[in-house]
Amino acid sequence: MDTYTGTHIIYIAVVFLLAGLVKGTTGMGLPTVAVALLSLVMAPMEAAALLVMPSLLTNGWQMLSGPPLYPLWQRLRGMMAGICLGTLVGGAVMLQTQGGGMVLGLALVLYGLLGLSSWEWRLADDSPHWLAPVVGGATGVLTAATGVFVLPAVPYLQALRLDKEELVQAMGLSFVVSTLALAVVLAAHDAWQPAAAGVSFLAQLPAVAGMLLGQRLRRRLKPETFRRCLLLVLLLLGVHLVVANG
């Protein structure tokens, strides 16, 4: 999409306001919600290009607002390296194909089903060292294919039994690395055009406004109830994208 009409701008602003609200309420979900809703009117990679600046701002904020980052980076650096490599490799393949909508739909369906189920992944302290780079690589490939960063990164981080603050910070770190790797892939393949870069920069405003609103909302309702409603919506969006691209 080389140009954006007034209707496009309004829709994009509303999407990032909602995505920021989800982020502020649950601590995650901005990329997933934004790409899922934007993909109803544009290709997933076009949606991902708009995501870059809001994702860097909100997840960088989340990453730096916790305890010192270096110990967490040391623990997760294998996963981060895998994310970078997987995104670069996946981008070289997926940007040459037209299957992004189907892959995104399937990813949203899987994410929704996993979130709504009672299944939990738990890792022992002696889990193999190669697992983190493999999880990172798989996350990178899905990032390149869909613009969504959550699978399998978030279930893996939850399985590490981090405390609440560490988990929120670890997700922020993972999402920042994923965003930077995706930005490199988009730029290298000429998929981040000036128009998209400008709109992405402006989209930070509704994203931050939504995030601040979500943080206030979090004090007034049960986060788990909100999260389950969100997962159900994402599941339905995923089914719609699968059917539309099938």
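Can you work out the FRET efficiency for the pair GLN158 and THR7, with r the C-beta to C-beta distance and R0 = 35 Å, to the nearest 0.05? The formula returns an efficiency of 0.35 here. Each of ALA92 and LEU131 was given a label point 7 Å from its Cα along the Cα-to-Cβ line. The distance between the two points is 2.9 nm. The simple Förster model, with R0 at 22 Å and r as the Cβ-Cβ distance, assigns ALA244 and GLN193 a FRET efficiency of 0.35.
Which part of segment 138-158 falls in the paramagnetic zone of SER65, meaning amide N under 20 Å from the point 7 Å along Cα-to-beta-carbon? From segment 138-158, the list is 149-150, 154, 158.
For the pair GLU165 and VAL233 in one chain, pulling the backbone fully straight at 0.36 nm per residue adds 21.8 nm over the alpha carbon distance. The calculated P(r) of segment 132-181, using every Cα pair and 5 Å bins from 0, goes 5, 23, 35, 23, 11, 3, 0 in percent. With the helix formula -39500 (n - 2.57) applied to DSSP H stretches of n ≥ 4, the chain reaches a computed 222 nm mean residue ellipticity of -25500 deg cm²/dmol. Its Cα gyration tensor gives the chain an equivalent ellipsoid; the semi-axes, largest first and in whole Å, are 25, 21, 18.
Label sites at VAL184 and LEU217, each approximated as a point 7 angstrom past Cα along Cα to Cβ, lie 3.4 nm apart.
Readers should treat all values here as calculations from the given coordinates under stated rules, not as data from a laboratory. Since the model is a prediction, treat every value here as computed from it, not as a measurement. Note that each Cβ is placed from the backbone with ideal geometry, even for glycine, and that neighbours are counted across all protein chains shown.
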